[in-house]
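**Q** Following this message is one structure expressed as structure tokens.
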Amino acid sequence: MEKTKIAASIVVSFCLLSCNKNSNPTSFQDIQGITSISPYQDIRWKDLQKIGSQLDSSIIKTFWFNEKTVWPEKYLTYAKSFVMKGKNPGLGIRQLHQQGITGKGVSIAIIDQNICLDHPEFANKIVEYHDVGCNTPSNQSSMHGPAVASLLVGDSVGTAPDAKLYFVAAPSWTQDAKYQADALNWIIAKNSSLPENAKIRAVSISAAPSGPGSPFTKNNADWDSAYVHAVNAGILIIDCTQNHGITAPCYYNIDDPDNVSACIPGWPGLAIPNDTNKICVPTSLRTTAEEYDKGNFSYQFTGRGGLSWAEPYLVGVIALGWQVRPDISGDEMIRLARKSAYLANSGALIIQPKAFIDSVKAFRK
């Protein structure tokens, strides 16, 4: 139960930071100096020049920072290197891309907070954008939406950069699961109008609209109903719920990101028991797209990323599998992902994309 609370708090904190900052767009991007620092601190739009003596190379990779963070000259280049390294999905994903396995032709969807559509990571990749209740100005974006979109279809960040993305904006800050249910029902209805070879095959939703530990306080049954409807329609749902979610966090060695044996289950700096029934996906030491005001493109680095980052990563890996074998069902893809996962000494399963693709190629019905 304690593990559930910790996981939920990390997921929710990312969502709340996004919507709170979006509600006051004239102040949160002002650069502010700070006088002290601690590991895993949010230092976006912070000036660290007066606390250079408190920094060292080991603490920098723990921070949540963006390209507006002001560094002492001594650490500027070092910090920038993490932004570049963190774009790599790791675990052999880029080698698969070099083989032409990029998710090309596969339709997938995200339900998340509002975004602008022009960030270079995913510009022209969103087939359709639909808002079920965010009702935000078209020139303003959230923190969360661009991040998950880039982790899924981003040119330099994503696991499936050539997949076709449907994005449905839903306001998680209301804590009303009606909006997430409306979003999923829209996807189901959209699928009914699409030809068989273009149907949306999976949905990434970095939220827990229902189930134990859900931060959503209203209309949870609406999500449950929509979920069942979607599954019956053949759509794979990857979410953060405790009753259906299959992802757990892990973090790779940022200097050896393709080495799955160097991945550590859990979050950096947090001792969390392994859930051996789930698939660990890299969520920390990752870089994601950032855009709050249309046309103002940037990136953020998360030394300790929330579970939110796992869902789009996994959906992207599954999309790679569907490019290779579109005849395999979503449930079978998940089974192959489990079967091909790396077994850590702790018993945790860590996603192993290259082995997964090999399993997909070899699959016989």
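We did not get these values from a lab; they are worked out from the coordinates using the rules stated. Keep in mind it's a predicted model, so treat the numbers as computed, not measured. A quick note on method: Cβ atoms are made from the backbone with ideal geometry, for glycine too, and the neighbour counts reach across all protein chains shown.
**Q** Helix by helix, which DSSP H runs in the chain go 20 Å or more along their axis at the Cα atoms and have an average Kyte-Doolittle hydropathy of 1.0 or more?
**A** Long hydrophobic helices here: 310-324.
**Q** In addition: With θ set to phi - 60° and the Karplus curve 6.51 cos²θ - 1.76 cosθ + 1.60, what are the ³J(HN,Hα) couplings of the range 287-298 in order, to the nearest whole Hz, using x for Gly and Pro?
**A** 9, 9, 5, 9, 6, 9, 10, 3, x, 9, 7, 7
**Q** I would also like to ask the following. So, R0 is 35 Å and r is the distance between the beta-carbons of LYS50 and ALA262; what FRET efficiency does that work out to, to 0.05? Working shown, then result.
**A** Numbers: r = 35 Å, r/R0 = 1.01.
The value I calculate is 0.50.
**Q** So how do 76-89, 233-246 stack up, highest first, on mean other-Cβ count within 10 Å? Mind dumping the intermediate values first?
**A** Values: 76-89: 17.3, 233-246: 19.6.
Going by the mean number of other Cβ atoms within 10 Å, highest first, we get 233-246, 76-89.
**Q** List, in the order given, every pair from LYS85/LYS164; LYS87/LYS125; LYS87/LYS354; LYS61/LYS278; LYS199/LYS294; LYS61/LYS104 whose Cα-Cα distance in the structure shown is over 28 Å.
**A** On the way: LYS85/LYS164 25 Å; LYS87/LYS125 18 Å; LYS87/LYS354 18 Å; LYS61/LYS278 26 Å; LYS199/LYS294 30 Å; LYS61/LYS104 33 Å.
Check vs 28 Å cut-off fails for LYS199/LYS294; LYS61/LYS104.
**Q** Go through the range 54-65 residue by residue and turn each phi into a ³J(HN,Hα) via Karplus (6.51, -1.76, 1.60, θ = phi - 60°); whole Hz please, and just put x for glycine and proline.
**A** Per-residue couplings from phi come out as 8, 9, 8, 5, 6, 7, 4, 6, 8, 6, 9, 9 Hz.
**Q** Amide H of ALA202 versus every other amide H placed in the peptide plane: which residues, excluding those fewer than 5 positions away on the same chain, fall under 5 Å?
**A** Under 5 Å from the amide H of ALA202: ALA109, LEU236.
**Q** A further question follows. If the cut-off is a Cα-Cα distance under 12 Å, which aspartates and glutamates reach LYS178, setting aside same-chain residues fewer than 8 apart in sequence?
**A** ASP222, ASP224
**Q** Check which residues have an amide H placed less than 5 Å from ASN259's amide H, if you skip close sequence neighbours.
**A** Excluding prolines and chain starts, which carry no amide H, the hits are LEU91.
**Q** A further question follows. Using helices alone, I'd like the mean residue ellipticity at 222 nm for the chain: each DSSP H run of four-plus residues gives -39500 (n - 2.57), total over residue count, nearest 500. The partial results should precede the final answer.
**A** Values: 10 runs with 119 residues, N = 365.
Calculated from helices alone, the mean residue ellipticity at 222 nm is -10000 deg cm²/dmol.
**Q** Output the peptides 264-273, 197-206 sorted from most to least packed, where packing is the average of other Cβ atoms within 10 Å over each peptide's residues. Don't jump to the answer; show the numbers that get you there.
**A** Numbers: 264-273: 16.0, 197-206: 22.0.
The peptides rank, most packed first, as 197-206, 264-273.
**Q** On to the next question. How big is the chain by Rg and Dmax over its Cα atoms, in Å?
**A** 19.3, 63
**Q** Where nothing but the Cβ of Lys and Arg (+1) and of Asp and Glu (-1) is charged, how large is the charge dipole of the chain around its Cα centre, in debye to the nearest 20?
**A** Values: 33 positive and 32 negative charges, 142 e Å.
The calculated dipole for the chain is roughly 680 debye.
**Q** Let me make sure I get this right: for the range 302-346, a, b and c are the square roots of the gyration tensor eigenvalues over alpha carbons, sorted descending. Under 1.5 in a/c it's rounded, otherwise prolate if a/b > b/c, else oblate. Which is it? Let's see the in-between values first.
**A** On the way: a/c = 2.86, a/b = 1.45, b/c = 1.97.
Because a/c hits 1.5 or more and a/b fails to exceed b/c, the range 302-346 counts as oblate.
**Q** Under 1.5 on a/c is rounded, so check that first for the range 50-196, then, if it is not, pick prolate when a/b is larger than b/c and oblate when it is not; a ≥ b ≥ c are the square roots of the alpha carbon gyration tensor eigenvalues.
**A** Details: a/c = 2.87, a/b = 1.55, b/c = 1.85.
Here the range 50-196 falls in the oblate category.
**Q** A follow-up question, please. Going by average Cβ density within 10 Å per residue, which order do the peptides 343-349, 164-170, 287-293 take, highest to lowest? Please list the in-between numbers first.
**A** Working: 343-349: 15.1, 164-170: 24.3, 287-293: 22.6.
Ranking, from highest mean packing down: 164-170, 287-293, 343-349.
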